[in-house]
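Chemist: Have a look at the structure that comes next, please.
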Amino acid sequence: MSDDVAKKPSLDNVVVVYGGTSAEREVSLKSGAAVLEALQRKGVNATGYDPKDNGLVGLEQLAPSVVFVALHGRGGEDGTLQGALELLNIPYTGSGVLASALGMDKQRTKQVWSAVGLPTPESIMLDAAADWSAVVAQLGLPLIVKPVHEGSTLGISIVKSQAALEAAYHEAAQYDARVMAERFIVGDEYTVALLGNQVLPAIRVEVPGGFYDYEAKYIANTTQYHLPCGLSVVDEEALAQLCQQAFSAIGGVGWGRVDVMRDSEGQFWLLEVNTVPGMTDHSLVPQSAAHAGLSFDDLVLAILKAAGGQ
């Protein structure tokens, strides 16, 4: 995109893209509807588009001046939509092709973080012929098994015994051909939202069952979101800096969210990055923005106005 387009995307005909065909379709539909309503309340000429049926052809026919990407999961968050929009010369919200593709790949994100010296739990790639005892010997128990390219904790299991490891692999393999095992960090879970160059207040997530899974994220009302997060000023500043570095390392821009664990010794561990975070009534970025004094509608408008800066 030209520098002029990158700096000043036209808001004449905004199209919110949401839904799609990934396993996160239902969450994306909720996010997109909330974003669309917010833009319309702000007086923006915005329409919604679900590419499930007519794909890019239908989107191109709408002739968007800018696209608000609310398409979670593969096909929307993994760089493929971003690449298509680049070819069509249409500005869009959030990170570009490289950062989107990296962010969707948990294993390669971790490899980048490790390469630049950022702390992330040790992990191993799995396949059906894996030596399960060797995996346990290296990572210890409990451990986490997760699909590499899936979001919303779909297909993730906490494995507490070697006997349960193979079944956890097959569960994750239903969602992705690439599956990883990761060292389990015992401690508090935090999530940090980024908006442009601003780091929003950290949230400490507390789940009665101890596992922040799909139900805890989007359905249950028992999940607790602590704002302020309870860290000291010094520790929260350190966490903010770490998340900025993590987001920057993959090339993230515009907005995003980084998930982190803190162990009993106070060490922060980077888990993953989200380049198109959820925007539902249970989502974390809007909660953090609200705590910083930014309404949902203003948050959405700020994300939109930063479009094209990839």
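Chemist: From the list 266, 293, 209, exactly one residue is modelled with pLDDT under 95, over 27 Å from residue 75 (Cβ atoms), more than 19 Å from the chain's Cα centre (by Cα) and surrounded by fewer than 20 Cβ atoms within 10 Å (Cβ to Cβ). Which is it? It would help to see each step written out before you state the result.
Modeler: Numbers: 266 fails: modelled with pLDDT under 95; 293 fails: modelled with pLDDT under 95.
Checking each option against the conditions leaves just 209.
Chemist: Please find, among 121, 51, the residue that is under 30 Å from residue 164 (Cα atoms), modelled with pLDDT of 95 or more, out of contact with any Pro (no Cβ under 6 Å at 6 or more places or on another chain) and not hydrophobic (A, V, I, L, M, F, W, C). Break it down stepwise before answering.
Modeler: On the way: 51 fails: under 30 Å from residue 164 (Cα atoms).
Going through 121, 51 in turn, just one is under 30 Å from residue 164 (Cα atoms), modelled with pLDDT of 95 or more, out of contact with any Pro (no Cβ under 6 Å at 6 or more places or on another chain) and not hydrophobic (A, V, I, L, M, F, W, C): 121.
Chemist: Can you pull out the residues in region 258-310 that are part of a strand (DSSP E or B) and in contact with a Phe, Trp or Tyr (Cβ under 9 Å, 6 or more places away or on another chain)? So that I can check it myself, show each step before the final result.
Modeler: If we filter region 258-310 for residues that are part of a strand (DSSP E or B), which is where we start, we get 258-263, 268-274.
If the condition is that a residue be part of a strand (DSSP E or B) and in contact with a Phe, Trp or Tyr (Cβ under 9 Å, 6 or more places away or on another chain), then 258, 259, 260, 261, 262, 263, 268, 270, 273 are the ones that fit.
Residue-wise test of (1) modelled with pLDDT under 95; (2) closer than 23 Å to residue 71 by Cα.
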{"residue": "137", "(1), (2)": "no, no"}
{"residue": "143", "(1), (2)": "no, no"}
{"residue": "171", "(1), (2)": "yes, no"}
{"residue": "187", "(1), (2)": "yes, no"}
{"residue": "200", "(1), (2)": "no, yes"}
{"residue": "216", "(1), (2)": "yes, yes"}
{"residue": "225", "(1), (2)": "yes, no"}
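Chemist: Being surrounded by 17 or more Cβ atoms within 10 Å (Cβ to Cβ) and either within 30 Å of residue 307 (Cβ to Cβ) or of a type in the set (Lys, Arg) (or both), is that true of even one residue in region 153-174?
Modeler: Yes, region 153-174 contains at least one residue that is surrounded by 17 or more Cβ atoms within 10 Å (Cβ to Cβ) and either within 30 Å of residue 307 (Cβ to Cβ) or of a type in the set (Lys, Arg) (or both).
Chemist: Please give the strands (runs of 3 or more DSSP E) falling wholly within region 16-128 in which 2 or more residues are touching a residue at least 40 places away in the same chain (Cβ under 8 Å) and either under 25 Å from residue 246 (Cβ atoms) or open to solvent by 60 Å² or more (accessible area, probe 1.4 Å) (or both).
Modeler: On the way: elements: 46-49, 66-69, 123-126.
Correct list: 66-69, 123-126.
The values are calculated or read from the model by the stated rules, or taken from the named source; none is laboratory data. The shown structure was predicted, so the numbers you read here are calculated from the model rather than taken from an experiment. Heads up, the Cβs are rebuilt from the backbone with ideal geometry, glycines too, and the neighbour counts pull from every protein chain shown. Please note that ligands, DNA and RNA were not included when accessible areas were found on the heavy atoms of the full protein model with its side chains. Shrake-Rupley method; radii C 1.70, N 1.55, O 1.52, S 1.80 Å.
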